[in-house]
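Just below is one structure, and these are the notes that go with it.
The numbers here are math on the coordinates, done by the rules we state, and not lab data. Since the structure is predicted, the reported quantities are computational estimates derived from the model, not experimental observations. As a convention, Cβ positions derive from the backbone with ideal geometry for all residues, glycine included, and neighbour counts pool all protein chains shown.
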Amino acid sequence: MQKYRDLIFLTFILAAGIFLRIYSINTNYYFTGELGKELLYMRQFVLSDSFPLIGMATSHEWLSYGPIYYWIMIPIFKLWSGNPYILFWTATVVSILGLIINYLVFNKIAGKRIAIFSTLIQSISPLLIWQTRLSKLHVFFFLLIPIFTYLLYKIWNGEKKWVVWTGLIFGIMFSFHFSQIPLTGVVILLFWIKKNIYKVSDWLKFGLGVLIPNITLIWQDKNLAIWLPYRVVNVADKNPGGTYQSLLEYFGKNIFWDNRLWIIGLLIFIVIFVHYFLRNKSKFKKDFLSFYLISSISLMFVANVLHGAPPIHYFLPIFTTIPVLFAIYLEKLKFWPLILTPILFVNIISFNNDQLFYSNKLTLEPVMDMVPYARQNILTSFIVSDSKGKPFSIQRTGPYDFFPEQYSQNYKYLVLWKGGKLVDNSKNIYTIVEDTKKGEISVQK
């Protein structure tokens, strides 16, 4: 009977996670210039019927991701004819698969109750919902990190056959971000603690696993060899104020959507983590869960403080780890619904007033720095129709127009997807003006 109850509860958790990630997405798909850039990158390989050896450039234009994300997305692009929603639906499927994998992994590592509670927290976490709805390649970390954690658990228990596989998963992460680099310290600590089991040859096997999925990246993008040491030793301009704001948003948004409540979320994390550390430091070399939670969270925290004012996604390697820490405490409470229910209620109110969830569905006016996807569709359809089959260029003024191509790649992609003849430096120019403060958007020719 308990087995069926757990299954029903897990189904409810997944259903809640799906609902919160897809609610109102038809009008509130956050289709930005960044996502348009991703699709334009994929499109060129679809048109040439080829696959890239490296991924798209990161925020450092001279550094690129690995290619695996694009190897996944290019067939999806072809199957759905380049529909812009493929980025969102892929992110959503990966996010939900991540919830399932999290449950399976921590059911093995920590037991059923912690597995259920950590999955529940991830399902309703504003941070994970937000990142999923942004539809970026980073979401694959929600799937990869639990798998990586499980493989570490296996080699912690002396199963040496998993060393290469652990390195392989770690290497695959470079196709989705570089923020997992501090977790190298977790692997080093594990090998050191288990030095009676693991020798130099095992270190080399792990390194081989990391290398295999990145051969084309290293071959094509030799800047990687320069960038990695630079990021390790660079300690300039730590920006204490910006660092505090990043920590506040990351740890606060794990629990609350409303930024006025983030300080409460940060304090909750500090109290729980300090308490967990003090109670479990004696188990650090004996118990895998204590080792992994303390080492991964500590290393990511220190690395990002040393980095200075890190973007929130620099915490990606512990996005799914913090909920496990919270679950350890939540599952001990008999009246846990009295804690989660008001938090969820407050967050739902906040969701309904946020640009990622709310827009004027009648007028489709911009909200804050967002132009609803439905409005982008209307504008680009008008441009394509008005051009009457003649070549034209697109410019944009509005939020983030200091980025390359005035952050207009979303409009450019939609125009091409609708069959418009977009060219560079045409005398026939359409300028899209987004004044989101006034709630206005227009097209000038």
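When the dipole is taken about the Cα centre of the chain, and only Lys, Arg (+1) and Asp, Glu (-1) are charged at their Cβ, what size is it in debye, to the nearest 20?
It works out to roughly 1280 debye.
Restricting to the chain, compute how many DSSP beta bridges are antiparallel as a %, nearest 5.
55
What list of ³J(HN,Hα) values in whole Hz, one per residue of the range 119-136 in order, does the Karplus curve 6.51 cos²θ - 1.76 cosθ + 1.60 (θ = phi - 60°) give from phi, with Gly and Pro shown as x?
Taking θ as phi minus 60°, the curve returns 5, 4, 4, 5, 4, 10, 5, x, 4, 6, 5, 4, 5, 5, 5, 6, 6, 8 Hz for the range 119-136.
Placing +1 on the Cβ of each Lys and Arg and -1 on the Cβ of each Asp and Glu in the chain, which of PHE106, ASN26, PHE141 has its Cα farthest towards the positive end of the resulting dipole?
So the residue we want is PHE106.
When only DSSP loop residues count, what chymotrypsin sites (Phe, Trp or Tyr not before Pro) in the range 1-102 have their Cβ near at most 13 other Cβ atoms within 10 Å?
Answer by residue number: TRP62, TRP80.
Tally Lys/Arg at +1 and Asp/Glu at -1 over every other residue whose Cβ is under 11 Å from the Cβ of GLN406; what's the total?
Overall, the nearby charge balance is -1.
So, how do all the Cα-to-Cα distances of the range 373-444 break down into 10 Å bins, in percent, from 0 on up?
For the range 373-444, the pair-distance distribution reads 20, 58, 21, 1.
Given a Förster radius of 56 Å and the C-beta distance between VAL423 and TYR23 as r, what FRET efficiency does 1/(1 + (r/R0)^6) yield to the nearest 0.05?
That pair, VAL423 with TYR23, gives E of 0.90.
Using Cα springs under 10 Å in a Gaussian network model of the chain, which residue among ASN425, ASN157, ASN107 shows the largest mean-square fluctuation?
Fluctuation is largest for ASN425.
Per residue of the range 165-171, what does 6.51 cos²θ - 1.76 cosθ + 1.60 with θ = phi - 60° give for ³J(HN,Hα)? Whole Hz please, x for Gly and Pro, Karplus curve as stated.
Karplus values, whole Hz, x for Gly and Pro: 5, 4, x, 4, 5, 4, x.
Across 20 Å bins from the origin, how do the percents of Cα pairs in the chain run, short distances first?
23, 56, 20, 1
Can you give the extra length, in nm with one decimal, that the chain gains between THR184 and ALA57 once fully stretched, where that is 0.36 nm per residue apart less the Cα-Cα distance?
Gain on extension, THR184 to ALA57, equals 43.4 nm.
Which listed residue (LEU379, SER426, PRO391) has the Cα farthest towards the positive end of the charge dipole for the range 373-444, taking +1 on Lys and Arg C-beta and -1 on Asp and Glu C-beta about the Cα centre?
PRO391
Output the pairs from LYS388/LYS427; LYS37/LYS427; LYS154/LYS194; LYS205/LYS283; LYS3/LYS334 with a Cα-Cα distance over 18 Å in this structure; if there are none, say none.
Those over the limit are LYS37/LYS427; LYS205/LYS283; LYS3/LYS334.
Given the options ILE218, ILE322, ILE145, state which has the largest fluctuation in a GNM of the chain using a 10 Å cut-off (strictly under) for Cα springs.
So, out of ILE218, ILE322, ILE145, the one fluctuating most is ILE218.
Gain in length, ASN239 to LYS108, computed as 0.36 nm per residue apart minus the alpha-carbon separation, to one decimal in nm?
Difference between extended and current length: 43.1 nm.
Based only on other Cβ atoms within 10 Å, what is the fewest-to-most ordering of ASP424, ASP258, ASP386?
ASP424, ASP386, ASP258
Using 0.36 nm per residue, how much length does the chain from LYS160 to THR431 gain when fully extended, once their Cα-Cα distance is taken away?
Contour length minus the Cα-Cα distance gives 91.6 nm.
Label-point separation (nm) for ARG5 and LEU340, each offset 7 Å from Cα along Cα-to-Cβ?
Once both label points are built, they end up 1.4 nm from each other.
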